[in-house]
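Trainee: I am attaching a structure below and will ask some questions about it afterwards.
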Amino acid sequence: MPHKTPTYIFYTIIISQFCCTSLWFAVNAVLQQAQTVHNWPVEALGYVTSSVQLGFIIGTLTFSLLGLSDRFSPSFIFFLCSILAAGLNALCLADAESLNLTLFSRFATGFFLAGVYPVGMKIASDWKQEGLGHWLGALVGALVLGTAFPHVLKLVPGFIEPAQLIIAVSLLASLGGLIMILLVKDGPFRKPAQRFSFSDVRDVFRTTSFKAPAFGYFGHMWELYAFWAFVPVILLSHQNFVQYNFSLPLWSFVIIASGFLGCVIGGKLSLNVGSKPIAGIALASSALCCLISPVLFQTNVETFLAFMMFWGFMVVADSPQFSALVAFHAPAHIRGSAITITTCIGFAITIVSIQLLNLLQQHISPRYLLLLLTPGPLLGLIWLYPLKKTSWKK
């Protein structure tokens with residue numbers, strides 16, 4: 001008999017994921033203030049963002065090798081990691097002037113986010129089999145909103161100061177972990193996964209059906225986090241270019257958060273047309289945005305902000321579709337290992353693109369900065385093309 005999942009389970013997972021992933025860019029939202037007050041270098045943005053990514057990569061591999069979410073309740077792992085990530089996020093306040101402490105705090109936060117974002121997706125798959133693609137779209141959408149949330153929090157009186165914002169986000173993440181462990185028990189479809197195996201994953205990368213979406217995902221990741229990280233920088237540069245003031249925190253939030261709609265709408269459409277077409281359209285749109293960004297940078301405020309919103313919508317719309325395609329084409333006996341290594345490689349690529357923009361922002365005009373992201377979606381399209389049209393309805 002098919003299992004009917006209670007509706008509250010879906011919404012609890014989504015809300016918890018949103019609350020906890022707000023930690024991801026918490027420091028980024030206040031970084032410009034910290035740079036001004038503490039005289040941090042311009043490159044601090046790249047260092048801070050890459051520290052979270054590196055922590056997440058090492059954390060993901062560690063959690064997989066130890067099999068923690070299989071040996072223990074995933075909801076408990078989610079709760080414990082959310083508390084630890086929240087505490088380590090606030091650790092930077094112990095010496096707010098220290099960039100080194102902030103970098104360690106970001107790395108440690110990213111490490112324990114590996115027990116939140118992937119584990120949240122595992123919890124969803126433990127509760128849902130039919131219609132999982134729709135759930136993945138909503139989960140990635142929750143990540144998008146969580147990532148954007150610290151920017152809008154700056155608009156609330158009382159959270160303008162970095163310390164208040166950091167504490168508020170840490171408390172929000174703790175709340176997310178608490179409601180997860182209180183309301184979501186182990187799902188009916190929970191099964192032990194295979195042990196992580198590098199040799200098996202090496203073999204699966206030789207098959208076109210898996211290699212195509214995996215490499216397409218790598219192209220997508222070259223662009224995604226670098227775009228998110230540099231949205232405030234690009235907005236400030238455009239503001240200075242046109243000499244017209246608008247709210248940087250508000251528009252940073254709106255541009256990044258528009259990806260929530262991209263994930264949800266793309267997830268719905270994929271149930272009818274398949275994941276590959278949605279991923280392809282998103283990649284092509286992102287590539288076009290990269291290519292025309294120097295021209296649009298010089299337009300008026302209204303046109304530029306509309307363009308950035310469209311880009312924010314498309315830049316992440318393919319993310320849940322790649323997750324679905326990679327999971328679908330990975331052999332069942334090594335699915336966990338294949339997904340893990342694909343995710344780790346993808347996030348490692350984000351460090352390269354972020355550091356590239358970080359290095360070159362002092363040497364080229366801001367209008368050309370996002371042009372450097374073009375190879376990612378273009379190569380992603382080329383790599384994705386050999387995959388046969390696949391309708392993801394599981």
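The values are calculated or read from the model by the stated rules, or taken from the named source; none is laboratory data. What you see is a predicted model; the values in this text were computed from it and never measured. With ideal geometry, Cβ positions are generated from the backbone for all residues, glycine too; neighbour counts draw on all protein chains shown.
Trainee: Which residue is farthest from Asp200 (Cα to Cα), if the candidates are limited to the range 330-346 and must be of a type outside the set (S, T, N, Q) and buried (at least 21 other Cβ atoms within 10 Å of the Cβ)?
Mentor: Once the filter is applied, the top-ranked residue is Gly346.
Trainee: Something else about it: List the helices (runs of 4 or more DSSP H) that sit entirely inside the range 106-216 and contain at least 1 residues that are of a type in the set (A, V, I, L, M) and modelled with pLDDT under 85.
Mentor: The helices (runs of 4 or more DSSP H) meeting that bar are 117-127, 132-153, 198-204.
Trainee: Across the range 108-121, what is the number of residues that are surrounded by fewer than 24 Cβ atoms within 10 Å (Cβ to Cβ) and within 21 Å of Gln32 (Cβ to Cβ)?
Mentor: 0
Trainee: Return only the number of the condition from (1) in contact with a Gly (Cβ under 7 Å, 6 or more places away or on another chain); (2) among the small types (Gly, Ala, Ser); (3) surrounded by fewer than 22 Cβ atoms within 10 Å (Cβ to Cβ) that Ala34 does not satisfy.
Mentor: Of (1) in contact with a Gly (Cβ under 7 Å, 6 or more places away or on another chain); (2) among the small types (Gly, Ala, Ser); (3) surrounded by fewer than 22 Cβ atoms within 10 Å (Cβ to Cβ), only one is false for Ala34: (1).
Trainee: I need the full set of residues from the range 59-105 which are of a type in the set (A, V, I, L, M), under 23 Å from Pro162 (Cα atoms) and part of a helix (DSSP H, G or I), in order please.
Mentor: Across the range 59-105, the qualifying residues are Ile83, Leu84, Ala85, Ala86, Leu88, Ala90, Leu91, Leu93, Ala94, Leu99, Leu101, Leu103.
Trainee: Does the range 322-330 contain at least one residue that is in a helix (DSSP H, G or I) and modelled with pLDDT of 95 or more?
Mentor: So far as the range 322-330 goes, no, none of its residues is in a helix (DSSP H, G or I) and modelled with pLDDT of 95 or more.
Trainee: Here's a follow-up. Report whether or not Val27 is of a type in the set (A, V, I, L, M) and within 16 Å of the chain's Cα centre (by Cα).
Mentor: Considered against the rule, which asks whether it is of a type in the set (A, V, I, L, M) and within 16 Å of the chain's Cα centre (by Cα), Val27 comes out as yes.
Trainee: If you go through the range 227-258, how many residues are more than 25 Å from Leu356 (Cβ to Cβ), surrounded by fewer than 17 Cβ atoms within 10 Å (Cβ to Cβ) and in contact (Cβ under 8 Å) with a residue 40 or more places away in the chain?
Mentor: Counting residues in the range 227-258 that are more than 25 Å from Leu356 (Cβ to Cβ), surrounded by fewer than 17 Cβ atoms within 10 Å (Cβ to Cβ) and in contact (Cβ under 8 Å) with a residue 40 or more places away in the chain gives 5.
Trainee: Right, something else. For the range 79-99, does any single residue satisfy the condition of being of a type in the set (S, T, N, Q), surrounded by fewer than 21 Cβ atoms within 10 Å (Cβ to Cβ) and modelled with pLDDT of 90 or more?
Mentor: Among the residues of the range 79-99, at least one is of a type in the set (S, T, N, Q), surrounded by fewer than 21 Cβ atoms within 10 Å (Cβ to Cβ) and modelled with pLDDT of 90 or more, which makes the answer yes.
Trainee: Then there is this: When Cys19 is evaluated against the numbered criteria (1) modelled with pLDDT under 95; (2) under 20 Å from Leu139 (Cα atoms); (3) of a type in the set (A, V, I, L, M, F, W, C); (4) surrounded by 19 or more Cβ atoms within 10 Å (Cβ to Cβ), which criterion, by number, is the only one it fails?
Mentor: It fails just one condition, (1).
Trainee: Report the residue count in the range 259-272 for those that are within 10 Å of Gly141 (Cα to Cα), buried (at least 19 other Cβ atoms within 10 Å of the Cβ) and out of contact with any His (no Cβ under 9 Å at 6 or more places or on another chain).
Mentor: 4
Trainee: Name every residue in the range 348-386 that is within 21 Å of Ala212 (Cβ to Cβ) and either out of contact with any helix residue (DSSP H, G or I) (no Cβ under 8 Å at 6 or more places or on another chain) or surrounded by fewer than 21 Cβ atoms within 10 Å (Cβ to Cβ) (or both), in order of residue number.
Mentor: Residues satisfying the conditions are Ala348, Thr374, Pro375, Leu378, Leu379, Leu381, Ile382, Trp383, Tyr385, Pro386.
Trainee: Checking the structure you have, find out if any residue of the range 291-306 is more than 28 Å from Phe56 (Cα to Cα), in the same structural domain as Thr374 (by TED's automatic domain parsing), hydroxyl-bearing (Ser, Thr, Tyr) and in contact with a helix residue (DSSP H, G or I) (Cβ under 6 Å, 6 or more places away or on another chain).
Mentor: Scanning the range 291-306, I find at least one residue that is more than 28 Å from Phe56 (Cα to Cα), in the same structural domain as Thr374 (by TED's automatic domain parsing), hydroxyl-bearing (Ser, Thr, Tyr) and in contact with a helix residue (DSSP H, G or I) (Cβ under 6 Å, 6 or more places away or on another chain), so the answer is yes.
Trainee: Now for a separate question. Output the residues belonging to the range 294-321 that are more than 22 Å from the chain's Cα centre (by Cα) and either part of a loop (DSSP other than H, G, I, E, B) or of a type in the set (Ser, Thr, Tyr) (or both).
Mentor: Once the filter is applied, which keeps residues that are more than 22 Å from the chain's Cα centre (by Cα) and either part of a loop (DSSP other than H, G, I, E, B) or of a type in the set (Ser, Thr, Tyr) (or both), the range 294-321 yields Phe297, Gln298, Thr299, Asn300, Thr303.
Trainee: Tell me which residues, restricted to the range 144-189, are in contact with a Leu (Cβ under 8 Å, 6 or more places away or on another chain) and free of Cβ contacts under 8 Å to residues at least 60 places away in the same chain.
Mentor: Phe159, Ala168
Trainee: Yes or no: Leu224 surrounded by fewer than 21 Cβ atoms within 10 Å (Cβ to Cβ) and of a type in the set (A, V, I, L, M)?
Mentor: No, not satisfied.
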